[in-house]
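**Q** After the structure tokens below, expect a handful of questions from me.
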Amino acid sequence: MTTFAIIRFVHLISVITFLFIYLFKTYKLLFQTVEQQASFKAKTKVLEMIVSALFLLTGGYMLTQIPEIKPMMYIKIALVLASIPIAIIAYKRSNKLLAILSLVLIIASYGLAEMSKKPRIDKSTAESMDGATLFSANCSRCHGDDGKLGLTGASDLSVSTLDEAGVMSVILNGRGTMTPYKGVLSDEQAKVIATYILGLRK
């Protein structure tokens, strides 16, 4: 498992834990007494600090590894950054409306992050059957023009031992941190990319 894959996994776990903590905090703010809220806060204070730190640190690291930050990602970052001070104010002042708003912003940011992962083929290459053109448009951002770049945990294609069918399978179905391209690229396009990738080997 690559460093990026490990950090991505830690980020995912911290995001899910962070979300559950805020779901419980919001529930308690809306439906339980001040004493019950204080008890929950005391029990989860250290965990929340650790999870929040992991959430921000791993997210920051991953941003430095992404070859292209899409507009959706900027919106996601803005929502996360906006939700934090709103949440702090909400829970300090027991403001139910602000707590709900903060939770909505966090959930919305997660949804936008998932949407930004979906690959989109460039219109100029949508019908292309040229391996080099398709590779450049869809693969080189993480793998590099020579297949060796290795951003976001991408494999070094120049030393891969997969055959053409194996490469096609990874392109279409994804593997590790790689997003599947099934439905974005046709089987024929995946095949010409796979042929091109085999040519990158030493």
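**Q** Relative to the present Cα-Cα distance, how much length would full extension add between GLN32 and GLU48 at 0.36 nm per residue of separation? The partial results should precede the final answer.
**A** On the way: separation 16, 0.36 × 16 = 5.76 nm, distance 1.97 nm.
Between GLN32 and GLU48, full extension yields an extra 3.8 nm.
**Q** Another one. For region 8-25 and region 79-110, what is the centre-to-centre distance using only Cα atoms, to the nearest Å?
**A** 15
**Q** Okay, next question. Which whole-Hz ³J(HN,Hα) couplings does region 57-65 yield from phi under the Karplus relation 6.51 cos²θ - 1.76 cosθ + 1.60, θ = phi - 60°, glycine and proline marked x?
**A** After applying 6.51 cos²θ - 1.76 cosθ + 1.60, I find 5, 5, x, x, 4, 4, 4, 6, 9 Hz.
**Q** Given the pairs LYS70/LYS191; LYS45/LYS182; LYS45/LYS76, which are separated by over 32 angstrom at their Cα positions? List each step's numbers first, then the result.
**A** Working: LYS70/LYS191 27 Å; LYS45/LYS182 43 Å; LYS45/LYS76 25 Å.
In this structure, LYS45/LYS182 exceed 32 Å between Cα atoms.
**Q** Cut-off under 17 Å on the C-alpha distance; same-chain residues fewer than 8 positions from LYS28 excluded. Which aspartates and glutamates are left, in chain and number order?
**A** Filter leaves GLU48.
**Q** Now for a separate question. Provide the FRET efficiency to the nearest 0.05 for the LEU23-MET72 pair, computing r from the beta carbons and using R0 = 22 Å. Please report the intermediate quantities before stating the final value.
**A** Numbers: r = 23 Å, r/R0 = 1.07.
For R0 = 22 Å, the calculated efficiency reads 0.40.
**Q** Taking a 1.4 Å probe, which of SER160, SER14 shows the most accessible area, and what order do the others take after it? Spell out each step's value before the answer.
**A** Values: SER160 30, SER14 5 Å².
My answer, sorted largest first, is SER160, SER14.
**Q** Among the GluC sites (Glu not before Pro) within region 20-117, which fall in a DSSP loop and have no more than 13 other Cβ atoms within 10 Å of their own Cβ? Let's see the in-between values first.
**A** Values: sites: GLU35, GLU48, GLU68, GLU114; in loops: GLU68.
Hits after loop and neighbour filter: GLU68.
**Q** Please give the net charge around LEU56, taking every other residue with its beta carbon less than 15 angstrom from that of LEU56, where Lys and Arg add +1 and Asp and Glu add -1. Could the numbers behind the result be given before it?
**A** On the way: positive: ARG8, LYS76; negative: GLU48.
Its environment carries a net charge of +1.
**Q** If you take the beta carbon distance between LEU198 and VAL104 as r and set R0 to 41 Å, what does 1/(1 + (r/R0)^6) give as a FRET efficiency, to the nearest 0.05?
**A** On the way: r = 48 Å, r/R0 = 1.16.
That gives a FRET efficiency of 0.30.
**Q** Moving on. Putting +1 on Lys and Arg Cβ atoms and -1 on Asp and Glu Cβ atoms, find which of PHE135, ALA154, ALA53 reaches farthest to the positive end of the dipole of region 52-202.
**A** The residue sitting farthest along the positive end of the dipole is ALA53.
**Q** Per residue of the chain, what 222 nm ellipticity follows from adding -39500 (n - 2.57) for every DSSP H run with n ≥ 4, rounded to the nearest 500?
**A** -23500 deg cm²/dmol
**Q** Give the label of the value calculated from the structure for Cα Rg over 2.2 N^0.38 Å, choosing from (1) 1.47; (2) 0.99; (3) 1.28.
**A** Matching the structure shown: (3).
The values are calculated or read from the model by the stated rules, or taken from the named source; none is laboratory data. These figures come from a predicted structure and were not determined experimentally. We place every Cβ from the backbone using ideal geometry, glycine too, and count neighbours over all the protein chains shown. Accessible surface is based on the protein model in full, side chains and every heavy atom, while ligands, DNA and RNA are left aside. Shrake-Rupley method; radii C 1.70, N 1.55, O 1.52, S 1.80 Å.
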